[in-house]
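Take a look at the structure below.
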Amino acid sequence: MTPSNSECGMRNAECGSRTALHYEFRTPNSAFRAAWVVPVDRPPIPNAVVTTRDGRIDRIIAANDVPADGYTDLGRVILMPGLINAHTHLELTNYHGKIPPMPFWTWLDRLIALRAAAGPQAEREAVERGAHLSLAAGVTLLGDISRTHQAWPVLAATEPAKVCFAELLSFAARPARTPEELTQQVDTTETSARLIVGVSPHAPYTVQPAHLRAACELARQRRLPITMHLAETREEVEFCTHGTGVVTELLDRFGQTDHIPSPRTTPAVYVRGMFPPEMPLLVAHGNYLDDASIAILAQTSWSVVFCPRTHRYFGHDPHPFRRLIDAGVNVAVGTDSAASLPTDDGYAPLSVLDEIRFLHAEHPDVPAATLLDMITRNAARALSMADVAGSITPGKWADLIAVPIDAQGPDDPIRNILTSNAPPAYTIVQGRIVAGAA
């Protein structure tokens, strides 16, 4: 059987330039047949059915062993785990296309001016739009950072699972600016199985050392995910190692030089000293990690999330993601915010699938399975959600996407996904079809 109006309640939702049809599948247990199933944790399986029970993966069965009326036939598609965007800022969604590509620090000044003019309500609306864009792009788990932790009440009403990171920035105009304010934001977040709270001390040059230690201790005591922008720009590295440059001028302007001194070492060495040896950290960007820093990361349980199109947007030097992988570091892919994504490259703004398609075009020799891991298994591990997401494994959430097979593409289903430009045909959350391309 195929989804129809009689089986599904449908409503239209605008998703930028794409329109999505939202379905509400009415059975707690369901089964979906696809031409290929890509579980990620094992080789692809042709002509198979994925069954779900109570919103969790139950089994993968050969389609020939299931009666034709016992599943929803999704057609000529590749069924795979729901995708994971390990690093984004949904509250910046509506600034997409407002700032042309330029160096990071010039862009930052422009973004601050846009945010001041827009106001909090506009950014709350942007969070909801960003969640719908993400769902249409096949993202079923988000790692979202909100400057004032205003995103989580909006995201609570949306279908994707989410890790909502409350951000700490010591000299910001609004909370959280202190460990006490950060703790209050954590305490007032209404969490659930699919809405986890995390903490995000912003960066080495925006968080006082004592505040960073306190944020780490909060995450350790509460067992919360923690993420931090680290080695994102050359200027950050210059400040950390030498105490000079643009970042020092920024701190002077805000009267923070005495409160946030240069550690006189690399960002990785500095932050490593703040963390217990076994504690995981999700490093956002890591654009300028040198070999010594990579060696440090390889001795930890840290992950790095690389944002390929944002990286190009800012004109950064080549990213060390391949050296990180070779060193054994867990590397995921994220989109960053829509505000730092191009508008004319043919890709959707908050699609991690399009991020790895872009990366595949730039680095065709990287194995296709390695790229797919970066938006599934690796990303789940980076967000401390590997027990429920990232692969089609019995017991994990029944969050899936179906990508149309490109008839002109490679026979290998994973490579077919990477060389295609088709958006997902269906997004499935907890065993229910919730979105499908019109």
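Quick note: the coordinates plus some simple rules give every number you see, no bench work behind them. In this text, all values refer to a predicted model and were calculated from it rather than measured experimentally. No Cβ is skipped: glycine too gets one built from the backbone with ideal geometry, and neighbour counts run over all protein chains shown.
At full extension, THR244 and ASP41 could sit 68.4 nm farther apart than now, given 0.36 nm per residue minus the alpha carbon distance. If you plug the beta carbon distance of ALA210 and ASN421 into 1/(1 + (r/R0)^6) with R0 = 45 Å, you get a FRET efficiency near 0.40.
Among ASP73, ASP258, sorting on how many other beta-carbon atoms sit within 10 Å of each Cβ, with the fewest leading, yields ASP258, ASP73. Loop-located trypsin sites (Lys or Arg not before Pro) across the stretch 148-244 with a Cβ neighbour count of 15 or fewer within 10 Å are ARG223, with loop assigned by DSSP.
Using Cβ contacts closer than 10 Å as the measure, can you line up GLU249, GLU128, GLU236, GLU278 from fewest to most?
The order, fewest Cβ neighbours first, is GLU278, GLU249, GLU128, GLU236.
Per DSSP H run of at least 4 residues, take -39500 (n - 2.57); add these up for the chain, divide by its residues and hand me the 222 nm value, nearest 500 deg cm²/dmol.
Details: 15 runs with 132 residues, N = 438.
Rounded to the nearest 500, the figure is -8500 deg cm²/dmol.
Full-extension gain between GLU278 and ALA117, please, as 0.36 nm times their residue separation minus the C-alpha to C-alpha distance. Please report the intermediate quantities before stating the final value.
Numbers: separation 161, 0.36 × 161 = 57.96 nm, distance 4.26 nm.
Net length gain for the segment: 53.7 nm.
A Förster distance of 22 Å, applied to the separation of the beta-carbon atoms of THR191 and PHE171, puts the FRET efficiency at 0.20.
Scaled against the 2.2 N^0.38 Å expected of a compact globular protein of N residues, the Cα radius of gyration of the chain reads 0.96. So what's the gap between the Cα centers of the stretch 309-354 and the stretch 186-254, to the nearest angstrom? After rounding, the separation between the Cα centres reads 21 Å.
Dipole of the chain computed with +1 at Lys/Arg Cβ and -1 at Asp/Glu Cβ about the Cα centre; of ILE84, ALA68, HIS202, farthest Cα towards the positive end is ALA68. When ARG53, ARG174 are sorted by how many other C-beta atoms sit within 10 angstrom of their C-beta, beginning with the fewest, the order is ARG174, ARG53. The equivalent ellipsoid of the stretch 235-285 has semi-axes of 23, 11, 10 Å, largest first, where each one is the square root of 5 times an eigenvalue of the Cα gyration tensor.
Site pair ASP290 and ASP252 shows an inter-label distance of 2.4 nm when each label is modelled 7 Å from Cα along Cα→Cβ. With the simple model of a label 7 Å out from the Cα in the direction of the Cβ, ALA68 to ASP387 spans 4.3 nm. Here, P(r) means the percent of Cα pairs in each 5 Å bin from 0 to the largest distance; for the stretch 266-330 it is 4, 18, 30, 25, 14, 6, 2.
Largest first and in whole Å, what are the equivalent-ellipsoid semi-axes of the stretch 217-348 based on the Cα gyration tensor, each being the root of 5 times an eigenvalue?
Details: eigenvalues 108, 90, 46 Å².
Each semi-axis is the square root of five times an eigenvalue, giving 23, 21, 15 Å.
Given R₀ = 22 Å, FRET efficiency for ALA156-ARG222 by Cβ-Cβ distance, to 0.05? Please list the in-between numbers first.
Working: r = 19 Å, r/R0 = 0.87.
So, using R0 = 22 Å, E works out to roughly 0.70.
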